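Please read the structure below before turning to the comments.
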Amino acid sequence: MRWPAASCFAFFWALFCLAPALQATKADLVTNLKSVRDRPSTRTRSVLVVSQLVVSQFLLAGVALGVGSYMNIKEFRPGFDTHKKVVVATLAPSTAAGEPVAPARRELLTDRLRQLPGVVEVSAAGSIPLSGSGVGAKRNTAWPGQVEGVPVRSNAVGPRFFAVMGIRLLLGREFDARDTGRASNAVIVNDTLARRVAPDDSAIDRWIRVDGVPRQIIGIAEDGAYKTLRDAPEPYLYLPS
């Protein structure tokens, strides 16, 4: 049998607080104070009281730090809406050889999931932020004015991914049906990468090269924590799935 938390608290409060308080009301304070000087255990009790005060200070400091950390985490935005109820399903390879799920089967599955009761929207992604599934492959990325490309982490996502995850688009648009084909050259970058591509202007409609392929920036997404909450802002890009 499990006791509710409120019942446990009331029990311990009555045992350690209320009972000693009631007992203290029956004591003769004058007599007790006069006899305190003659008791050999007075010094020991004083040491215990001081020790309790010191320990209480440490406990209060720990509680204050814990509450402060909780409030900071509560107000921290990891790059997506934490209040959304998102269910993640992993698609296994379609064959023993590890071949990916065919696009037609993936679209059929997406349509069926979208028709389920309570489902608002469905999308796809190569990895999910903070899920432990990785933060995406690094791709050699270069933009005008840069001599050599730099490795930038990436994610392959489907239409409506940003809406499903609650990732803010600062400028531009997210992927749609126009960007799902292999011939698509669209790319979405996060704010950190956009500022490197165009430090003094908007990066929308700018062209960059990703693994040697020219791609046009159609959207700028907010920065996020992709692997852990302690991640520092880093360049990141999204490719159409």
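Tabulated results
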read-out: Single condition F161 does not satisfy, out of (1) in contact with a helix residue (DSSP H, G or I) (Cβ under 6 Å, 6 or more places away or on another chain); (2) closer than 21 Å to V135 by Cβ; value: (1)
read-out: Any chance R153 is part of a strand (DSSP E or B) and of a type in the set (D, E, K, R); value: yes
read-out: Residue in region 67-83 that is more than 30 Å from F161 (Cα to Cα), surrounded by 10 or more Cβ atoms within 10 Å (Cβ to Cβ), at pLDDT below 75 and of a type in the set (A, V, I, L, M, F, W, C) present; value: yes
read-out: Which listed residue is among the aliphatic types (A, V, I, L, M), farther than 19 Å from P240 by Cα and either out of contact with any Gly (no Cβ under 9 Å at 6 or more places or on another chain) or modelled with pLDDT of 80 or more (or both), from A125, A92; value: A92
read-out: Search result, residues across region 109-149 that are open to solvent by 50 Å² or more (accessible area, probe 1.4 Å) and in contact (Cβ under 8 Å) with a residue 60 or more places away in the chain; value: G126, L130, R139, N140, P144
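The values are calculated or read from the model by the stated rules, or taken from the named source; none is laboratory data. Just so we're clear, the structure is a prediction, and the values are computed from it rather than from any experiment. Glycine gets a Cβ as well: all are built from the backbone with ideal geometry, and neighbour counts include every protein chain shown. Protein only, heavy atoms only, side chains kept; ligands, DNA and RNA dropped before computing areas. Shrake-Rupley method; radii C 1.70, N 1.55, O 1.52, S 1.80 Å.
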